Structure formats: C-alpha cells, structure tokens
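Bear in mind these aren't lab numbers, they're just calculated from the coordinates by the rules spelled out. Treat the numbers as computed from the prediction; the structure is a model and nothing was measured. All Cβ positions, even for glycine, are placed from backbone atoms using ideal geometry, and neighbour counts span all protein chains on display.
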Amino acid sequence: MGIDINKCIGCNYCTYACQAVNNLSDDMLYNEVTLETTQADQEYFLARPCMHCENAPCVHVCPVGATYIRDDGIVTMDYDLCIGCRYCEVACPYDARVFNWYEHTELSPRVPAFGVPEVPSRGRGVMEKCTFCQHRIDAGLERGLTPGIDEQATPACVVACPTGARIFGNIKDPESPISQYLSQGDTPIRLREELSTSPRVYYFPPRAEQSTITEDA
C-alpha cells in the first residue's frame, strides 16, 4: 500500500470505511489518522494502518501462532487461537494492534444492519488488527478481480478515500497501481525502517519535507 501525504486531507473516511466493513464498534480503530508536524513546523495528516511487515515483530512474539503472514504478504490473525497475551501489542512499533476489551454488542452505526458475514467474529479478550480487508481481496480474486484496480477486491480505506491518497496492489506486478505510483519519481519512505521490520506501507511525504517525517512519526 502507498499513502500520499500530499493528498490526505484528514477526513477520516478511511477510518469510517474500515469500521463499516470489519464489523467494528466506534471505539475500535484499525486505521487512525493523526495530525503531525515536521521538523520544519509543516503540518500533515498521517494515516497509520498495520504496516504488514515482511519481518513482523508481532509474528515472532506470538506464543501460539495466532498471528502469521499469508503467502501474499498480508499479516493476519487466527482469532480462535489468540489467547490475549498482548505480546504482539507490545512488540509492534507502529501501535497497530487493538485489544478487544469488551463483547461488542453495539457496532458502529456505519456497519450495515446485519454486519459483514465474511469477517470472522472476535470475542472479548483477543487482539485485532488491520488485515488489508483480506475478505474483500479473497472474494474478489475468486471472481477474477484485481486488487487495487477493481473496487470489490480492494481494501475499503483505499476505495473510500475521496482524494486518491491511498494506492494498493501487488508490488511484484510492475503494472499494478502501487508499482506505477512508486515509479513516478518521488522518493517514498517507510516508517522506522531502522528497526529492520521491512514495512509494506510506503509513504510519499510532503514534497517540501522529503526527509523529515520518519523521526517525527
């Protein structure tokens, strides 16, 4: 995934769309958008989903294998295995993990009346996270759709963004939207690369501040 900070207006449509398609309550956020400031006092909005790291600390510390990396690179969870130890929450340097403190009987009003049946239910006491809307990707691929191009096979946050600030696709495919975006010349960054997590979310920083958001974030 790519996130163009130059285009993000902080509308939170990505957050609301995420809640709607993942059966979340109002206090559960997989994708938070915050107002940040660069070292040169330039304000910008920073959306922070799960980074789906190639070398994911959350995977390494999970004692029961509840968090794992799919063949397509998505870091996901088996909620039936999760014991709620929260080791993954501590290990994640991006604060991308959410603990389910309650039995959420009241979903966000943005969630369809009967919920999204493709999303597995999560009970009290388990960790949760962004999955790049894997249920949409999997269902779309079964129908011959292409993630990042066809809306039904693309993460809801990408589809909902009114300014096109989010780009998705298979980075191994040179014709995919994310590969095309990365080839345009702007130098993307990945948050906290010094930790060797190899995050799969690329940020295109404010053009006047190409090197200043890594430390601030």
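Below is a table of values for the structure above.
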item	result
Descending semi-axes in whole angstrom, ellipsoid equivalent of the range 1-120, from the Cα gyration tensor	25, 21, 13
Ranked S121, S179, S198, criterion: other C-beta atoms within 10 Å, fewest first	S121, S198, S179
Per-residue ³J(HN,Hα) for the range 135-152, Karplus 6.51 cos²θ - 1.76 cosθ + 1.60, θ = phi - 60°, Hz, x for Gly and Pro	5, 6, 4, 5, 5, x, 4, 5, 8, x, 8, 10, x, x, 10, 8, 4, 5
Stretch gain in nm, segment N55-Q42, where the contour uses 0.36 nm per residue and the Cα spacing is subtracted	1.5 nm
Viscosity 1.306 mPa s, temperature 10 °C, Stokes-Einstein D of the range 2-216 from Kirkwood C-alpha radius, µm²/s	89
Amide H within-cut-off set for V116, under 5 Å, with H built and near neighbours excluded	N23
Mean Cα-pair separation over length for the range 2-216, i.e. relative contact order, pairs under 8 Å, 6 or more apart, %	28
Label-point separation, S196 to I149 (7 Å along Cα→Cβ), nm	3.8
Per-residue Cβ neighbour rank within 10 angstrom, fewest leading, T34, T67	T34, T67
Computed magnitude of the charge dipole of the chain (debye, nearest 20; Cβ of K, R +1, Cβ of D, E -1)	200
Amide H within-cut-off set for Y202, under 5 Å, with H built and near neighbours excluded	G2, I3
No Cys partner within the rule (Cβ under 4.7 Å), the chain	C8, C11, C18, C53, C62, C82, C85, C92, C133, C161
Nearest-0.05 FRET efficiency for S183 and T163, computed from C-beta distance (R0 22 Å)	0.60
Cβ-based exposure ranking for E193, E32, in which fewest neighbours within 10 Å come first	E193, E32
Length released on extending from D27 to D71, taking residue separation times 0.36 nm less the Cα-Cα span	12.7 nm
Helical contribution to [θ] at 222 nm, DSSP H n ≥ 4, -39,500 (n - 2.57), averaged over the chain, rounded to 500	-4500 deg cm²/dmol
Two-decimal Rg/Rh across the range 26-71, once Rg and the Kirkwood Rh are taken from alpha-carbon atoms	1.14
Positive-end residue, the chain charge dipole about Cα centroid, Cβ charges, pick of T76, N55, V98	T76
